[in-house]
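Notes to accompany the following structure.
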Amino acid sequence: MGERVQMKKELFAGMELFLGRKQLLCIGAGLILGIMGQVSQAMNSSQDSLERPGIGQEETRELLVEGLMEEEALPVEIDLSPRQYREEEALRVYEDILEELPGRILGENTSLMEIRQDLELMRELPEYGVSLEWKPENPELLDAKGRIQREALGDQPETMWLFLQMTDGHNPADYQFRICLMPEEESQQEKLAEGFQERLKEEDYDQRYSPVLTLPREYEGHSLSYKKVQEPVLPSAVFLGIAGALLLVVKERSDRQKQQQQRKRQLLSDYPELLTKMMIFLGAGMTVRTAWEQIAEDYHRLLGQKRREKRWVYEEMYETSCQMKRGVPEGQAFAEFGRRCSLPCYTKFAGYLEQSRKNGSKNLRELLRLEMEEAFEQRKHQARRLGEEASTKLLLPLFLMLGVVMIMVAVPAMLEFM
């Protein structure tokens, strides 16, 4: 006995160490509540009757039938139909509905004998389990949903019967209401506007012989002034401003792309000339840096004298020359020159210069000569491509001129034939 108690203590001590005291209390409380609930459920589960759902409602119940089968309980489902009214009970319910129904269908109206707005004719009353079917005496003036047909109503009140059939599904009963449809009431402003329109017609008729229609300055105690109906300018101006801003952004982007394209073409066009100058100066015994600075200084001097137009490649060369004078290493300056030009040929050219700086300029002239031959070939291809693009752009004016000529020839011939 003592060993069993000791084992239980050790078991609880191990669980407490693993879970903790609060966790064990929660598990124990849940176990006790579950056992108590199961016992209560078993004691109260027996029943010999089922409570039906309310009027107009259906419900499915699940039961365990014991005693039908010897070994185990049989699970069954029972579809409970709603409770039905007896005839006298249904009539009492209908009478209760009739007392509150006029107030529920009025909507925004004040009385059934003064209906100016649509009625709210409901089809169901779920709280009573009753269905409603409406039949207006004159459906051309009022439909089954309670909507007034203004076009057919006209300007005179119309009195009619509104028939109703109520049923719970087994005990139908017919009723009727006396209603009066009224024409839509005009507001004071609408009446004033209509009267003023009539006054304008009278003034127009009275002044029919005058070249100018003098508008009334006063009407029923109101001082009048007139203005021309004009479209507001602000929305159009704001729209034009926004459109202009968007178009300006598009134009600036297009101009930048066009400028970049022109810069690229100019760089490609000037590449053979740059190689030629470098070969000449290197052949004269200059170093790479001296030749570079000489080309840049000559360009800058001629540009200042307005004897040369601006060329992008020499602008970049002058910038590189200034960098080297400020102490930037030659290799870094040449590499940045290639990146700024952003063309493969100039990147290759900068690589040749950097290679010659490290390994000597023994083979540089030969490399530049081969590069120059390739550059001239590319220049020829570029010129040929530009010529093809120009000829393509000329096709549209040519076709327009052809159309004009055909019209000039065809129209007189057709007129002569007719």
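The values are calculated or read from the model by the stated rules, or taken from the named source; none is laboratory data. Bear in mind the structure is a predicted one, so any value in this text is a computation, not a measurement. Heads up, the Cβs are rebuilt from the backbone with ideal geometry, glycines too, and the neighbour counts pull from every protein chain shown.
Considering only residues that are of a type in the set (A, V, I, L, M) and in contact with a Leu (Cβ under 8 Å, 6 or more places away or on another chain), which ones fall in the range 172-199? Step through it out loud before you land on a result.
First, the residues of the range 172-199 that are of a type in the set (A, V, I, L, M): 173, 179, 181-182, 192-193.
Those that are of a type in the set (A, V, I, L, M) and in contact with a Leu (Cβ under 8 Å, 6 or more places away or on another chain): Ala173, Ile179, Leu181.
Scan the range 182-189 and tell me whether some residue there is at pLDDT 90 or above and of a type in the set (Ser, Thr, Tyr). No, the range 182-189 contains no residue that is at pLDDT 90 or above and of a type in the set (Ser, Thr, Tyr). Summed over the range 123-159, the residues that are of a type in the set (A, V, I, L, M, F, W, C), within 27 Å of Tyr85 (Cβ to Cβ) and surrounded by 15 or more Cβ atoms within 10 Å (Cβ to Cβ) give a count of 4.
Looking at this structure, is Asn171 polar (S, T, N, Q) and within 30 Å of Gln84 (Cα to Cα)? Don't jump to the end; show me each part of the working.
Values: polar (S, T, N, Q): yes; within 30 Å of Gln84 (Cα to Cα): yes.
In short, yes.
For the range 316-334, state whether one or more residues are touching a helix residue (DSSP H, G or I) at 6+ places or on another chain (Cβ under 8 Å), surrounded by 14 or more Cβ atoms within 10 Å (Cβ to Cβ), within 18 Å of Pro272 (Cβ to Cβ) and of a type in the set (Asp, Glu). Checking the range 316-334: at least one residue is touching a helix residue (DSSP H, G or I) at 6+ places or on another chain (Cβ under 8 Å), surrounded by 14 or more Cβ atoms within 10 Å (Cβ to Cβ), within 18 Å of Pro272 (Cβ to Cβ) and of a type in the set (Asp, Glu).
Restrict the check to the range 186-204 and report whether at least one residue is in a loop (DSSP other than H, G, I, E, B) and either at negative phi or exposed (fewer than 10 other Cβ atoms within 10 Å of the Cβ) (or both).
Narrowing the range 186-204 to residues in a loop (DSSP other than H, G, I, E, B): 186-187.
Checking which are either at negative phi or exposed (fewer than 10 other Cβ atoms within 10 Å of the Cβ) (or both) leaves us with 186-187.
Within the range 186-204, one or more residues are in a loop (DSSP other than H, G, I, E, B) and either at negative phi or exposed (fewer than 10 other Cβ atoms within 10 Å of the Cβ) (or both).
The residues of the range 128-152 that are among the charged types (D, E, K, R) and at pLDDT 85 or above, listed by number, are Glu133, Lys135, Glu137, Glu140, Asp143, Lys145, Arg147. Of all residues in the range 261-299, those being over 18 Å from Thr320 (Cα atoms) and among the polar types (S, T, N, Q) number 5.
Only one of Gly146, Gly129, Gly169 is under 30 Å from Glu89 (Cβ atoms), touching a Gly at 6+ places or on another chain (Cβ under 7 Å) and in the same structural domain as Glu99 (by TED's automatic domain parsing); which? Reasoning before the result, please.
Values: Gly146 fails: touching a Gly at 6+ places or on another chain (Cβ under 7 Å); Gly169 fails: touching a Gly at 6+ places or on another chain (Cβ under 7 Å).
Unique residue meeting the criteria: Gly129.
The residues listed here are Glu252, Glu273, Glu297; of these, the one that is modelled with pLDDT of 90 or more, surrounded by fewer than 18 Cβ atoms within 10 Å (Cβ to Cβ) and either acidic (Asp, Glu) or closer than 21 Å to Gln332 by Cβ (or both) is Glu297.
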